[in-house]
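Below: one structure, written as structure tokens.
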Amino acid sequence: MRGIVGGALAVALLAGCTGSTPQPTAPQPARSSHPGTAAPTATSSAHNPASSQSSLSPSMQPTTPAADACSLAPPGRRLPRAIDPESPVLDSAESTPREDSVYPAYGDPSVDVLHYLLDLTWSSPSKRLSGVEHVTLRPTADDTEVALALSSRLRVRDVRLGSRMLPFTHSGDQLRVSLKVKRDKRIQLKIRYSGTPRPVPGPSTRADSERLGLVAEPNGDVWTSQEPYGAFTWYAVNDQPADKALYDIVVRVRGARDSGQVGIANGMLRSCTSGKDGRTTWWQLADPAASYLTALAIGPYAATERTTRRGFPIDLWTRPMDAALLPILVKAPKQLEWLEARLGPYPFASLGIVVTDMDGAMETQTLVTMSSGLPPERAPLVLVHELAHQWYGDLVTPADWRDVWMNEGMALYLQWLYADEFLDEPLDSTLATARAKDAEYRAEAGPPGDYDPTKFALRNVYVSPALMWDALRRKVGDRVFWDVVSAWPRTADGTGTRAELFAFIEKRTGRELSSFFDAWIMGTKTPHA
Ligand SMILES: [Zn+2]
């Protein structure tokens, strides 16, 4: 998630959802060579690989004019229809929701949402949101109601099952629909709502946690940032990480003809039309995503397209005011290749990056969100950090917020390796600085695996587990380490717990590591190296 500022460490930004990046002072260690393959192999030595890719140079400056969304979309005016609840396409979105141990008030384990079709209309002048939502879900138990989170700022007009109107209550931020449901018998509700969205405060002392959910700027631009919750500020949702779902998001921006505003969301751009009222875009996310990883951005966006060497396109969505960041965003293909060399092929069908007025950055699935205010010297680290999360966080997502360290530790460790390789920040000095601060971070917010719930995503869940990953790499060696690290996200079936991760690592390495993991994740003191 978003940015932590690193105070006395001269730490610069702890990138977006980034952990700290202690500034180096020590001499740089000797390097090994680059494996040069798309995925780690038995012979790859990835401590300091990718030396052959070190040319993130001015030659990568954008050379083509940015493209309007409607010039990139497939031709036609198609919009999605409500999906058949029995469609086998939805099987991949079946999850095992659970009551979250840190934030039990968010999410309902009796609901497993499979698909959200959000047809959203945003009135830019009035900052009013209207939604027609088809939510397809699998009850996990026989029940007499279905509960979803939806902000009380949004008034529900009606809820239907087919043509049948259903009684409901909407109290606080809870929408409760009266309906007898059977376990595993899929249903589809149609919910119509409208209102003026407001963000909610987050459970953290981080400055960038003051506003979670949908934020409307005075000019009618919109951005979202919602870790660990907040999607309920713009749609009815089972707002917990264990319940992943597929998405179709239609964004109709109205009153924006002269502003050039257009809606950007996760996934593939399936259609775009431009009329006298404004633009309508349809985005489709074909891989299951947790609600904290969805994103909506509305503004005068145009895309600069870049491709990796294998021809995979990355769309960089910026506004005229974001021009200074574009020379950094165009590094994304090289960064993605650098990550693929360690983590295996990029796991999703599309990738974009959108710049908004948020603080920091966020690893929103297939659409990384970056702040327009990121200092250019730190932005490359923020970008590689958020891209690393596409594997650690998005492909495999913690089933419970207690394990957010599984996201941040690996993203920060890869960020450190990248800084060592490309930004003259030697890993050894970064590690030494981080190690010197680790006990302080544990004291500040608790052990990474048992943090204070009012101190979400502080440095303890970044720095301590990043140090643990380095300790593990030194313990098992580069070949085994990268084998494990690249295999876990692909093997984990969407969500994972620490118990599953630790069992996976022990099995794959053939080592008994319980005391090692326990000391690093649950200890109040820094373990011995
Ligand atoms: Zn992060």
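The values are calculated or read from the model by the stated rules, or taken from the named source; none is laboratory data. None of the values given here were measured: they were computed from a predicted structure. Glycine gets a Cβ as well: all are built from the backbone with ideal geometry, and neighbour counts include every protein chain shown.
So that you can scan it fast, the table gives a plain yes or no per residue for (1) crowded, with 21+ Cβ neighbours inside 10 Å; (2) within 21 Å of residue 399 (Cβ to Cβ); (3) outside the structural domain of residue 386 (by TED's automatic domain parsing); (4) in contact (Cβ under 8 Å) with a residue 60 or more places away in the chain:
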| position | (1), (2), (3), (4) |
| --- | --- |
| 420 | yes, no, no, yes |
| 432 | no, no, no, yes |
| 441 | yes, no, no, no |
| 479 | no, no, no, yes |
| 514 | no, yes, no, no |
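So for region 141-158 (the condition being out of contact with any helix residue (DSSP H, G or I) (no Cβ under 9 Å at 6 or more places or on another chain), among the small types (Gly, Ala, Ser) and under 30 Å from residue 319 (Cα atoms)), does at least one residue qualify?
no
Consider region 417-452. How many of its residues are within 16 Å of the ligand (Cβ to nearest atom) and either at pLDDT below 95 or touching a Gly at 6+ places or on another chain (Cβ under 9 Å) (or both)?
Number satisfying all stated conditions: 2.
From the set of residues in region 443-477 that are over 18 Å from residue 398 (Cβ atoms) and touching a Pro at 6+ places or on another chain (Cβ under 8 Å), which is surrounded by the most Cβ atoms within 10 Å (Cβ to Cβ)?
471
Looking at (1) part of a strand (DSSP E or B); (2) out of contact with any Ser or Thr (no Cβ under 7 Å at 6 or more places or on another chain), which one does residue 208 not meet, given that it meets all the others?
Every condition holds for residue 208 apart from (1).
Is it true that residue 373 is under 16 Å from residue 492 (Cβ atoms), in the same structural domain as residue 462 (by TED's automatic domain parsing) and more than 14 Å from the chain's Cα centre (by Cα)?
no
Could you check region 383-398 and list, in sequence order, the residues that are assigned to a helix (DSSP H, G or I) and more than 9 Å from the ligand (Cβ to nearest atom)?
383, 384, 387
Just one of the numbered conditions (1) assigned to a strand (DSSP E or B); (2) surrounded by fewer than 16 Cβ atoms within 10 Å (Cβ to Cβ) is not true of residue 126; which one?
(1)
Consider only pairs whose beta carbons are under 9 Å apart and that are at least six residues apart or on different chains; among these, list those whose first residue lies in region 314-326 and is in contact (Cβ under 8 Å) with a residue 60 or more places away in the chain and over 16 Å from residue 68 (Cβ atoms) and whose second residue is of a type in the set (Val, Ile, Thr) and exposed (fewer than 13 other Cβ atoms within 10 Å of the Cβ).
none
Out of the residues in region 363-378 that are polar (S, T, N, Q) and away from the ligand (no atom under 15 Å from the Cβ), state the one that is surrounded by the most Cβ atoms within 10 Å (Cβ to Cβ).
366
Considering only region 492-526, how many residues are at pLDDT below 95 and not charged (D, E, K, R)?
1
Identify all residues within region 247-268 that are under 20 Å from residue 132 (Cβ atoms), out of contact with any Asp or Glu (no Cβ under 6 Å at 6 or more places or on another chain) and either part of a strand (DSSP E or B) or not assigned by TED's automatic domain parsing to the domain that holds residue 112 (or both); write none if there are none.
Correct list: 247, 248, 249, 251, 252, 253, 262, 263, 264, 265.
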